[in-house]
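Report on the following structure.
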């Protein structure tokens, strides 16, 4: 059980799931809850039982399928409807029946919302809070209250907004979380209001922010400084509109920069892994720029600083990336010097001599001038390195020729067909593939040609394809750059091709993708 | 010329370009600069002339090709090397020769970086600042100084960090921008240091933040509150690692929430358009969650609040999205969408009826769901409008079939050939073209087929071609979007095609490009 003095409260499964395009099954929610527990959050809000059948099901299955080590489950729901008793409201009953030890009630704290959305009186809204909180307390639940639209409400009617907090606390709510529901607050004003809420009511205050001003994380930190001891947020900053406060960034900031002891340090070292694992479940592409955990978060491009980084990396990064399970990466680019190529080589397991690294830098610069880029094509860089430092690049096959035909037929159908002529293991192989486009057809043809000789290619899959036209102005000298990402059962790699002809550029990237796939599989050159 | 009392300083073309995977051509940089100027920023940092040949070229071409209305160009560069004179340093000469009216010098302000990266004494570093600033001032340039690693430097040796500011200001630097180079600061501590810098030195202070703690925007706002009057940042938050402060979010926050008068309100209403247009140029997928301008930034799930939102939408959004040219998405179909389509139609010279604009909105939504985008393809939109409102889209030719062959021959030569079968003016025409790639070959074939009947096509040229793969994960459902820009003697137009097959997508855009070219030339349908 986590320390109760400061709450890390996750709402990914409820508020995060409001994100456009994010649709979680019950199994997804259970899997995410396990990762959040592994990180060590104190509370996991599972959803709104009663209002959403999937959420009712989540709480039912959680009882037998979740074995939480740190976290407690919270069921989210509304205060009772106007003009009835909490004990008689079927939505309140659904909260009880969820058997969650914590219930988080959402209540209006903005006078105009009470009138417009609830269509009741300000006094009845307070009575709804009082009645629902007391009822659930009497049923043995711990109760938190989310004060919706609190900050806009405080601007509109500060006395009423504070009265909502007092009412909830007096009825037995342990925490009143102030919600910047529309996400428009900036940290200074938000901190003033939180401070006022803490001092004027004496209640325990929490904070729930959205990122509409790009300040959700900073707002959360400002609220903590002003006295809040309960922070809400979502994994990877998921949420409606611009998202909720990114709980991972909040936790890392508080723990690594403010000395809070929120999650076990060994769990924090899993943060990068957990963030990516959750994005696999949500099927939302990970944000490579995400603070702390993004794949670019500790990636350095500037060649200028590479030699100094070698001496003292901490002069160039805000924290040691190992603390959150991330790595410093040196990117190879046209600004790169010998030092960064050597670092990169070392990371790949090669100790380069001065002559080798100088030759490699020259080759990289030459190719980048033609439009190649290696910072996004690690596999191409490694093949180039193997080429440059000796006869380390295996030739599993050689190409005699290829041909691609794309045709729109008179009936409107579009078809693509590719034929490759390759030599491998002393054989001359001719193979043809069809595809939904020219590159797909080429990829198919290569597999048809090689899979008999190299069965491990069955596990290699082309998973992403990117195209960029360089210097497209007035046609002259425009070249096409193609980046291909491939995967096997163990991971992913990227390769690059450049040519004025998009098909030739794609072919280059494809040929390297296959070569690197065989290399990874441990295949030695024939 | 923008008001000099508060600077909005963009560094997309220099620091933003450090982003992993972002590679800008000179033409890209010129195009981005035009959009930034249209937004109304005060300064555009173009790059580091002398250190990077592409940047030298940018400043050379900017002199004739950029006609800036608001912004001034700034050239970025380093203080002179240790142990020589600024007047003799070739890198300083490159800054002069860029002819940029403003030079932004980067200087070390962290004692350990002076020793480790510059390998010189603390006093010599001050002398390098003094000498380089004075020299450039004597040459008639306005000089700003970027104090690199300032905040970490202030922790290490506050007296020295402040001395760097004083030295630069006394030598004639107008602004000293304090850089949180490693991006690890949180707003409270950062504000304290800025306040100290302002009061202890009396210099004009600027701020340059990175987002490694997820607080770059809030840090920038905190610095402004503490006395900074110059903010640096990048379009869409581009930049190394987790990115730079998002200049668009900073400007919107300051102007809409803090009453600063930074850019013309009518330009701010173009913010969403400008943000997306720049991401088309960088070919970085737009962040749908980006505050203010993201496609989800004002997207509300209907349901519970729908009726209340209808009565008073401002209760559910932090600003009126029209102020930044965005829309509340749930209302797009019945209100904002129709209104903007009507406006757009009027701009093109068509008065649409209510039924026509409703039908057009439906069609646009349908096509956008398939991956089309009309924001960057005005000509395609006009053809669609003409299709929708009546028989206004001329059919100069119809397509029977086409075929493209791309081949790499055994001698290594790559050739592309396309054959089209068209009907025009009652004739059936078969024509073949060769090109340096499949789309070029198709373009040639269409011209060979049509130029005899439509000689005005001789003036129509394909000047740019862009490709984006949409939803590329795991191959399934990935489609390719192609944007083609064409020109004639009077101007340019863009068309869009979408298909899973890149050649078919290109064909769609090409066919529309030719049709629109003939329409512009005043050719009536046969």
* Of the residues that make up region A:436-446, is at least one surrounded by fewer than 19 Cβ atoms within 10 Å (Cβ to Cβ), touching a helix residue (DSSP H, G or I) at 6+ places or on another chain (Cβ under 6 Å) and more than 30 Å from residue B:26 (Cα to Cα)? -> no
* To do: Could you grab me the full set of residues in region B:242-270 that are more than 10 Å from every other protein chain (Cβ to nearest Cβ) and surrounded by fewer than 21 Cβ atoms within 10 Å (Cβ to Cβ)?
  => B:255, B:259, B:260, B:261, B:264, B:265, B:266, B:267, B:269, B:270
* Does at least one position in region B:246-262 carry a residue that is assigned by TED's automatic domain parsing to the domain that holds residue B:39, modelled with pLDDT under 95, touching a helix residue (DSSP H, G or I) at 6+ places or on another chain (Cβ under 6 Å) and on the phi < 0 side of the Ramachandran plot? -> no
* Structure fact -> For residue B:404, the lone unmet condition from (1) under 12 Å from residue B:512 (Cα atoms); (2) not in a loop (DSSP other than H, G, I, E, B) is (1)
* Asked: Considering only residues of region A:487-513 that are over 17 Å from residue A:469 (Cβ atoms) and free of Cβ contacts under 8 Å to residues at least 40 places away in the same chain, which is farthest from the other protein chains (Cβ to nearest Cβ)?
  -> A:490
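Select from region A:100-121 the residues that are over 23 Å from residue A:206 (Cα atoms) and more than 11 Å from every other protein chain (Cβ to nearest Cβ) and write down the one among them that is surrounded by the fewest Cβ atoms within 10 Å (Cβ to Cβ). Lay out the reasoning, then the answer.
First, pick out the residues of region A:100-121 that are over 23 Å from residue A:206 (Cα atoms): A:115-121.
With the extra rule that they be more than 11 Å from every other protein chain (Cβ to nearest Cβ), the set shrinks to A:120-121.
Numbers: A:120: 16, A:121: 12.
Among those residues, the one meeting the criterion is A:121.
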* Do any residues in region B:376-389 that are closer than 9 Å to residue B:519 by Cβ have Cβ atoms under 6 Å from those of residues that are part of a helix (DSSP H, G or I), where the two are at least six apart or on different chains, and which pairs are they? -> B:379/B:516; B:383/B:512
* Tell me which residues, restricted to region A:385-420, are surrounded by fewer than 20 Cβ atoms within 10 Å (Cβ to Cβ), under 29 Å from residue A:363 (Cβ atoms) and facing chain B (nearest Cβ under 8 Å). => A:399, A:400, A:401
* Hits in region A:214-248 - residues which are closer than 21 Å to residue A:5 by Cβ and more than 18 Å from the chain's Cα centre (by Cα) -> A:220, A:221, A:222, A:223, A:224, A:225, A:226, A:227, A:228, A:229, A:230, A:231
* To do: Residue by residue through region B:1-25, note down the ones that are under 13 Å from the mean Cα position of the chain (by Cα) and either surrounded by fewer than 20 Cβ atoms within 10 Å (Cβ to Cβ) or at pLDDT below 95 (or both).
  => B:17, B:22, B:23, B:24, B:25
* region B:212-228, residues that are in contact with a strand residue (DSSP E or B) (Cβ under 7 Å, 6 or more places away or on another chain) and either under 26 Å from residue B:290 (Cβ atoms) or buried (at least 20 other Cβ atoms within 10 Å of the Cβ) (or both) -> B:214, B:216, B:217, B:219, B:220, B:223, B:224, B:228
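Just one of B:450, B:470, B:519 is more than 14 Å from chain A (Cβ to nearest Cβ) and at pLDDT below 95; which is it? Give the derivation first.
On the way: B:450 fails: at pLDDT below 95; B:470 fails: more than 14 Å from chain A (Cβ to nearest Cβ).
Result: B:519 is the single residue among B:450, B:470, B:519 that is more than 14 Å from chain A (Cβ to nearest Cβ) and at pLDDT below 95.
Condition check ((1) modelled with pLDDT of 80 or more; (2) within 22 Å of residue A:308 (Cα to Cα)) across all residues:
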{"residue": "A:336", "(1), (2)": "no, yes"}
{"residue": "A:341", "(1), (2)": "no, yes"}
{"residue": "A:355", "(1), (2)": "yes, yes"}
{"residue": "A:378", "(1), (2)": "yes, no"}
* **Within region A:137-161, considering residues that are surrounded by fewer than 21 Cβ atoms within 10 Å (Cβ to Cβ) and assigned to a helix (DSSP H, G or I), the one farthest from the other protein chains (Cβ to nearest Cβ)** => A:138
* Structure fact -> Of the residues in region A:297-332, those that are at pLDDT 90 or above and buried (at least 23 other Cβ atoms within 10 Å of the Cβ) number 5
* **Residue satisfying condition, being under 20 Å from residue A:11 (Cα atoms) and in contact with a strand residue (DSSP E or B) (Cβ under 9 Å, 6 or more places away or on another chain), within set A:161, A:168, A:117, A:62** => A:62
* To do: Of all residues in region A:203-238, count the ones that are in a loop (DSSP other than H, G, I, E, B) and within 19 Å of residue B:216 (Cβ to Cβ).
  => 6
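Identify the residue in region B:186-200 that is buried (at least 20 other Cβ atoms within 10 Å of the Cβ) and farther than 19 Å from residue A:211 by Cβ and, among all such residues, is farthest from the other protein chains (Cβ to nearest Cβ). Before the answer, list the steps.
As a first pass, look at region B:186-200 and keep what is buried (at least 20 other Cβ atoms within 10 Å of the Cβ): B:186-187, B:190-191, B:193-194, B:197.
After this cut, where a residue has to be farther than 19 Å from residue A:211 by Cβ as well, the list is B:190-191, B:193-194, B:197.
Numbers: B:190: 10, B:191: 9, B:193: 15, B:194: 14, B:197: 19 Å.
Among residues in region B:186-200 that are buried (at least 20 other Cβ atoms within 10 Å of the Cβ) and farther than 19 Å from residue A:211 by Cβ, the one farthest from the other protein chains (Cβ to nearest Cβ) is B:197.
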* Structure fact -> For residue A:346, the lone unmet condition from (1) under 19 Å from residue A:312 (Cα atoms); (2) at pLDDT 80 or above; (3) within 14 Å of chain B (Cβ to nearest Cβ); (4) not in a loop (DSSP other than H, G, I, E, B) is (3)
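The values are calculated or read from the model by the stated rules, or taken from the named source; none is laboratory data. Being a predicted model, the structure only gives us computed values, none of them experimental. When we count neighbours, we look across all protein chains shown, and the Cβ atoms used for this are built from the backbone with ideal geometry, even at glycine.
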